[in-house]
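Please read the structure below before turning to the comments.
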Amino acid sequence: MTLLKQHWRASLAALLLLLVTGWTAWEWWPRPAPAASEVAAASPKARQTVRTPYLANWDQVQLAEMEGQAQRFPGQVWLEGPTHRRLIALTFDDGPAEDTPALLDVLARHKVHATFFWLGQNLAGRTEMAERALREGHTLGNHTWDHPDMVDTDEAYWWDEQLARTQALYKSKLGIEPVLMRPPYGHISNEQIAKLQDKGMKVILWSLDTQDWNRNRMLFGRHNIERGLQDYVHEEAIVLMHDGGGKRGKTVAAVDALIPWLRAGGYELVTVDQLLGIQPYRTMPQAMAAAR
Ligand SMILES: [Zn+2]
């Protein structure tokens with residue numbers, strides 16, 4: 001009887017060990033480079049969609065709302081690029097902040113240009129950082145002044161105090177007026193989208209959320225950010241990440257590892273304006289236009 005019991009215990013322990021080892025191997029084994037595309041590069045997408053699943057209990061905008069707005073405002077609201085070229089646009093929100101220089105170092109080392117949606121209040125004390133990003137070929141966009149939920153606020157607030165104030169700062173400090181904007185939380189009303197269209201600004205959402213804002217707090221955060229992209233990578237993706245709003249070291253490390261992985265799969269990294277074939281700024285200094 002005792003012998004049987006011991007035997008049973010040993011079997012259970014062995015099974016558990018096997019499961020844990022198997023899971024660990026599966027989870028940590030390097031993912032192969034992205035598979036070849038099965039769709040012609042020039043073929044248009046039928047509709048724009050968010051590929052990453054909805055994250056419950058974080059007051060996030062429903063994916064159907066984002067997708068509905070992209071469908072309702074073609075050419076004005078973008079979740080991803082329009083066709084199936086093997087391009088991908090990395091975007092970083094909420095900076096500039098303390099981890100931004102390290103991210104710029106990584107991007108420079110890999111010769112990659114990215115798109116930043118920055119907050120006016122953070123830009124205010126960091127002109128040199130912003131000048132560097134611009135000089136190094138990155139695209140700068142508007143993410144409001146201090147990150148409010150814009151919906152249900154009046155135009156004197158969401159435009160004058162938030163977006164226009166940030167536009168004015170960009171113009172005075174860097175001589176640019178960004179065309180690209182991203183609403184905080186991806187939350188924006190149809191009425192606001194229509195008004196931004198009149199003002200010549202494009203609304204850029206995303207098709208792939210790495211959830212790095214949450215995963216930077218996790219033990220295996222860098223790994224999870226990498227997997228977050230690798231499991232949902234697709235042609236002409238717009239990828240949501242963050243260089244501000246908290247510690248972003250794991251995002252920086254993940255980007256460093258992801259760039260070679262993407263290139264091994266034939267992906268070219270581009271800015272959002274390159275992906276969409278539009279101008280990034282309403283006014284663009286001659287020298288900059290020549291450099292791009
Ligand atoms: Zn944000």
Within region 187-230, find all residues whose amide N lies under 20 Å from a label point positioned 7 Å from the Cα of Trp23 along Cα-to-beta-carbon.
215, 218-228
Relative contact order (percent) for region 21-126, with alpha-carbon contacts under 8 angstrom and 6 or more residues of separation?
25
When only DSSP loop residues count, what trypsin sites (Lys or Arg not before Pro) in region 183-284 have their Cβ near at most 15 other Cβ atoms within 10 Å?
Lys199, Arg217, Lys247, Arg282
Note down the net charge around Tyr54, summing +1 for each Lys or Arg and -1 for each Asp or Glu among other residues with Cβ under 14 Å from its Cβ.
-3
Loop-only trypsin sites (Lys or Arg not before Pro) in region 3-77, please: DSSP not H, G, I, E or B, and at most 13 other Cβ atoms within 10 Å.
Arg47
Just to be sure I understand the model, the point goes 7 Å from the Cα along the line to the Cβ. What's the resulting Asp105 to Ala56 distance in nm?
4.1
Remind me, relative contact order of the chain in percent, using alpha carbon pairs under 8 angstrom and six or more residues apart?
27
per DSSP, antiparallel bridges as share of beta bridges in the chain, % nearest 5, sits at 10
Can you give the Rg to Rh ratio for region 94-168, taking only C-alpha atoms and Rh from Kirkwood?
1.04
Mean Cβ-within-10 Å packing, highest first, puts peptides 59-65, 18-24 in the order 59-65, 18-24
Ranked highest first by the average count of other Cβ atoms within 10 Å around their residues, in what order do 33-43, 126-136 fall?
126-136, 33-43
Euclidean distance of C-alpha centroids, region 165-180 and region 222-262, integer Å:
27
Taking K and R as +1 and D and E as -1, what net charge do the other residues with C-beta under 14 Å from the C-beta of Arg248 add up to?
-3
Calculate for the chain the 222 nm mean residue ellipticity that helices alone would give, adding -39,500 (n - 2.57) per DSSP H run of length 4 or more and normalising by residue count, nearest 500 deg cm²/dmol.
-12000 deg cm²/dmol
How big, on average over all directions, is the shadow cast by the Cα convex hull of region 66-291, in nm²?
11.4
Taking the Cα centroid of region 70-117 and of region 141-155, what is the distance between the two, rounded to the nearest whole Å?
20
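Bear in mind that the values in this text are calculations on the coordinates, not laboratory data. Every value quoted in this text rests on a predicted model; they were computed, and no experiment measured them. Neighbour counts run over all protein chains shown; Cβ positions are idealised from the backbone, glycine included.
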